[in-house]
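Visitor: Sending over a structure as structure tokens; questions will come in a sec.
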Amino acid sequence: MDSIVVTGNGPLQGEIPIAGAKNACLALMPATLLTDAPLTLTNAPRLSDIRTMSTLLESLGAEVASLQDGQVLALSSHALDSQRADYDIVRKMRASILVLGPLLARYGQAEVSLPGGCAIGARPVDLHLRALEAMGAELDLRDGYVHARAPGGLKGAVFEFPLVSVGATENALMAATLARGTTVLKNAAREPEIVDLAHCLRRMGARIEGEGTSTLTIEGVDALGGATHPVVADRIELGTFMLAPAIAGGSVECLGGRLDLVQSFAEKLMATGVEVTQTERGLRVTRRGDRVRATDVVTAPFPGFPTDLQAQFMALMCTADGTAVLEERIFENRFMHAPELTRMGARIEVHGGTATVHGVERLRGAPVMATDLRASVSLILAGLAAEGETVLSRVYHLDRGYERVEEKLRGCGARVERVKG
Ligand code: UD1
């Protein structure tokens with residue numbers, strides 16, 4: 001298995017291109033199931049999660065062509081021969097559940113294995129199912145599968161999510177585009193990935209209002225057509241690379257970065273003393289002083305501080321001046337990076353959903369292990385600020401969500417190498 005070796009060597013200078021958003025692309029790809037016509041996604045990220053979604057769609061009979069070195073995905077579902085998403089694929093990635101709504105909406109039936117995915121808490125799919133039930137789906141959970149039917153087709157409904165869920169909002173939104181009548185989704189997620197999905201569906205002919213707010217209104221149509229759609233920039237990759245100069249010092253321009261995608265995160269970063277400025281090409285992040293100020297963070301649904309940047313922000317807080325309290329409110333078990341950071345000399349106490357980080361002057365390189373996608377990149381970031389060598393194993397987590405991370409960091413002068421194993 002590959003590992004990544006990081007040797008802390010001071011300030012970074014340069015630019016890093018930000019790819020299309022993994023999480024947006026994973027929701028956009030299943031939208032192909034809603035139509036006979038071709039769907040083309042440009043600015044797609046080249047990641048193993050995207051390949052897993054391609055394999056899943058192909059297993060249903062869809063065609064997925066990866067063009068221009070993977071940056072363009074040409075999808076077609078004109079000849080689907082199965083509505084069953086098998087455990088073997090679904091267990092690799094939780095986002096697989098996003099085929100359920102589209103399959104049900106177009107074919108009136110679907111069988112989807114209950115998902116696995118990152119080990120960050122229980123992560124049920126009850127909200128996905130309840131929203132579809134509200135639209136008239138009949139569901140049966142047997143043998144680890146959701147067996148779903150909508151004999152007369154889905155019907156528009158008013159559904160209020162009891163808590164904000166990105167995936168459940170996406171599933172319900174896609175299903176509602178082909179339901180009979182009007183669907184109103186209340187307490188819907190407002191993440192940029194939902195907005196991007198709504199824009200793509202509208203290009204395909206869907207009638208949607210309210211994206212980016214907590215109420216989505218969808219007028220069902222008889223059929224959707226094809227579209228070409230560019231995937232929005234990855235705000236989590238953006239936030240991750242914005243933290244690189246914050247941790248190592250120096251100045252880095254994240255190309256394609258937009259402040260509106262990371263507003264609350266950028267505000268916290270600026271509160272630590274780091275400069276963030278929107279340029280014509282993206283976001284420039286500069287750390288001039290020596291240590292940053294400790295700053296507290298509470299994760300929340302968008303537009304709050306993203307849970308997917310909590311681990312990386314913790315890496316910054318490890319060497320901050322003072323004590324920071326990080327509260328995780330989205331997932332109940334998302335501090336697995338804390339013991340690994342402690343191995344590098346960090347001082348962190350975890351009690352339930354709260355981590356208290358007492359900043360130290362210097363971290364020391366150590367062998368560490370990635371436990372999930374965002375945890376693994378937080379250890380690479382910490383390695384940039386550590387003395388000596390940090391060796392990160394279980395790199396497959398990283399490859400699910402970061403494209404060429406070592407190359408991108410090397411481009412700014414960091415010493416980061418992948419060792420094939
Ligand atoms: C998506 C993102 C993930 C991010 C998360 C929160 C993708 C592919 N993944 O995951 O990177 O960390 O949003 O921003 O887009 N919940 C339920 N029942 C459900 C669904 C969710 O109780 O049916 C709970 C979850 O356990 C969690 C919370 O709701 O505590 C939010 O989860 P959700 O927004 O659904 O996350 P995902 O869509 O899985």
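Visitor: Which is the longest stretch in the chain that no exposed loop site breaks, taking sites as GluC sites (Glu not before Pro) with a DSSP loop state and at most 13 other Cβ atoms within 10 Å? If you can, show how the numbers build up before the last one.
Guide: Details: sites that count: GLU280, GLU332, GLU361.
It works out to 1-279.
Visitor: Determine ³J(HN,Hα), in whole Hz, for all residues of the stretch 225-236 in sequence, where each value follows from phi through the Karplus function 6.51 cos²θ - 1.76 cosθ + 1.60 and θ = phi - 60°; x replaces Gly and Pro.
Guide: Rounded to whole hertz, the list is x, x, 6, 10, 9, x, 5, 4, 5, 7, 5, 7.
Visitor: Let me check the size of the chain from its C-alpha atoms; what are the radius of gyration and Dmax in Å?
Guide: Here Rg and the maximum Cα pair distance are 21.4, 65 Å.
Visitor: Is it possible to state the helix-based mean residue ellipticity at 222 nm for the chain, with each DSSP H run of 4+ residues giving -39500 (n - 2.57), the sum divided by total residues, to the nearest 500 deg cm²/dmol? What is it? Intermediate results must be reported in sequence, preceding the final value.
Guide: Numbers: 14 runs with 126 residues, N = 421.
Per the formula, -8500 deg cm²/dmol.
Visitor: From the phi of every residue in the stretch 202-218, what ³J(HN,Hα) in whole Hz does the Karplus formula 6.51 cos²θ - 1.76 cosθ + 1.60 yield, where θ is phi - 60° and glycine or proline is x?
Guide: In residue order, the calculated couplings are 5, 4, 7, x, 6, 10, 10, 10, x, 4, x, 10, 8, 10, 10, 10, 10 Hz.
Visitor: Right, here's the next one. Where does each of HIS358, HIS351 land when they are ordered by accessible area, with a 1.4 Å probe and the largest first? Don't jump to the answer; show the numbers that get you there.
Guide: Working: HIS358 35, HIS351 130 Å².
Sorted by accessible area, descending: HIS351, HIS358.
Visitor: In degrees between 0 and 90, to the nearest 10, how far off the longest principal axis of the chain does helix 48-59 point, with axes built from Cα atoms?
Guide: On a 0 to 90 degree scale, this one is about 20.
Visitor: State the percentage of accessible surface on the chain attributable to carbon and sulfur atoms; use a 1.4 Å probe and exclude ligands, DNA and RNA. Please list the in-between numbers first.
Guide: Values: 7550 of 15810 Å².
On the chain, the fraction of accessible area on carbon and sulfur atoms equals 48 percent.
Visitor: Scan around HIS229 for amide H atoms under 5 Å from its own, H built in the peptide plane at 1.01 Å from N, and keep only partners 5 or more places away or cross-chain.
Guide: Residues meeting the criterion, in which the H sits 1.01 Å from N, are THR40, LEU41, THR42.
Visitor: Given Cβ point charges of +1 (Lys, Arg) and -1 (Asp, Glu) and nothing else, what value in debye, to the nearest 20, does the dipole of the stretch 189-282 about its Cα centre take? Intermediate values should be presented prior to the final figure.
Guide: Working: 8 positive and 14 negative charges, 6 e Å.
About 40 debye.
Visitor: Now for a different question. Just want to confirm a number: the relative contact order over the chain, from Cα pairs under 8 angstrom separated by 6+ residues, in percent.
Guide: Values: 1087 pairs, mean separation 87.7, N = 421.
That works out to 21 percent.
Visitor: Plugging the Kirkwood radius over Cα pairs into Stokes-Einstein for the stretch 290-421, at a temperature of 25 °C and a viscosity of 0.890 mPa s, what D comes out in µm²/s? Write down the numbers at each step before the final one.
Guide: Values: Rh = 14.9 Å.
D, rounded to a whole number, is 165 µm²/s.
Visitor: Among PRO339, PRO102, PRO124, whose Cα sits farthest toward the positive end of the charge dipole of the chain (+1 at Cβ of Lys/Arg, -1 at Cβ of Asp/Glu, about the Cα centre)?
Guide: PRO339
Visitor: When ligands, DNA and RNA are left out and all protein chains stay put, how many square angstrom of accessible area per residue does the chain have with a 1.4 Å probe? If you can, show how the numbers build up before the last one.
Guide: On the way: 15810 Å² over 421 residues.
On a per-residue basis, 38 Å².
The values are calculated or read from the model by the stated rules, or taken from the named source; none is laboratory data. Keep in mind that what you see is a predicted model, and the values were worked out from it rather than measured. With ideal geometry, Cβ positions are generated from the backbone for all residues, glycine too; neighbour counts draw on all protein chains shown. These accessible areas exclude ligands, DNA and RNA; they are computed on the full protein's heavy atoms, side chains included. Shrake-Rupley method; radii C 1.70, N 1.55, O 1.52, S 1.80 Å.
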